[in-house]
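The values are calculated or read from the model by the stated rules, or taken from the named source; none is laboratory data. If you're wondering where the values come from, they're calculated on a predicted model, not measured in any experiment. Here the Cβ is made from the backbone with ideal geometry for all residues, glycine too, and neighbour counts use every protein chain on show. Keep in mind that these areas ignore ligands, DNA and RNA; they rest on the heavy atoms of the full protein, side chains included. Shrake-Rupley method; radii C 1.70, N 1.55, O 1.52, S 1.80 Å.
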Amino acid sequence: MDARSQAGTPPPLSPAEWRFASTQRAGLYGWFSRLYAQEVTDELFRSHFADGGFAPFAGLAELGLAAEVQRLDAAVAALRAEQLPRLELAADFAQLFLLDGKTSALPYASAYAGTDSASPLFGAAEARMRDFLAASGLSIQADFREPADHLAVPLALMAELAGAASSAEDIPTAAAAQADFLRTAVLDWLPRFVERCQQARPRFDVYPALAALLLGFVRADVAFLEDVGGSAAVS
């Protein structure tokens, strides 16, 4: 019996609480997705990497992710001390996500489907994400020229799912469906991607720290959704 079973079933969320949580979660997933979709633009850098800091992540420390948030804050502070911080971040983005899989951290689920970094792209994971998108009535934007299993895609889809489910009448069913999607489309490969980000060692720690925070957030979100949906905890 796990700790949550010993503590008893958590009280159900009210519709207002579910709407608030869904809106906050949708915003975070969308923010993570934008950071992985492309190099940080001047506008995004000014709004989230300049002196204002990482405001969207302020509440994540309360989910038991204080160490991850502090690591990201420290990485951003070191980046801001550079003369051309956005260009430095762009160079790290290229090193991590645009090179070959032996020296970088390819952001594609297909790259982690096998036992080594030689797994082919456009594999079963890519087809599976296209099925998820089709089932949700969504498609990849024409100007996003990446495979469907690029990390930015399931994160963007989660933003859509969370936002659409904010007004769901059957909250447990909506929560269970989102938890299932995260386990199937994200958590089955995200830990290996995060490990590769740590091994690649770019000049600045921003993207490795961001990856660690993303993994912690997704795991915490799955636990939250499982509580709301009434399903068993992931072992």
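The figures follow:
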{"quantity": "Residue (of Val206, Ala175, Pro154) at the positive-pole extreme of the range 148-218, dipole from beta-carbon charges", "calculated": "Val206"}
{"quantity": "For Ser167, solvent-accessible area (1.4 Å; no DNA, RNA or ligand), Å²", "calculated": "90"}
{"quantity": "For Leu133, net neighbour charge (Lys/Arg +1, Asp/Glu -1) across residues whose Cβ lies under 14 Å away", "calculated": "-3"}
{"quantity": "With DNA, RNA and ligands ignored, accessible area of Glu82 (1.4 Å probe; Å², nearest 10)", "calculated": "60"}
{"quantity": "Dipole in debye (nearest 20) - the chain, about Cα centre, beta carbon charges: Lys, Arg +1; Asp, Glu -1", "calculated": "260"}
{"quantity": "Modelled FRET efficiency - R0 22 Å, Asp100 with Glu195, Cβ distances, 0.05 increments", "calculated": "0.80"}
{"quantity": "Residue-averaged 222 nm ellipticity for the chain, from DSSP H runs of 4+ at -39500 (n - 2.57), nearest 500", "calculated": "-19000 deg cm²/dmol"}
{"quantity": "Equivalent-ellipsoid semi-axes of the range 62-186, from the Cα gyration tensor, Å, largest first", "calculated": "29, 22, 15"}
{"quantity": "Along each principal axis, Cα extent of the chain, largest first, Å", "calculated": "51, 40, 36"}
{"quantity": "Using θ = phi - 60° and Karplus 6.51 cos²θ - 1.76 cosθ + 1.60, couplings along the range 169-181 (whole Hz; Gly, Pro as x)", "calculated": "7, 9, 5, x, 5, 5, 5, 5, 5, 5, 4, 5, 4"}
{"quantity": "Sequence-separation-based contact order of the chain, relative, with Cα cut under 8 Å and 6+ spacing, percent", "calculated": "29"}
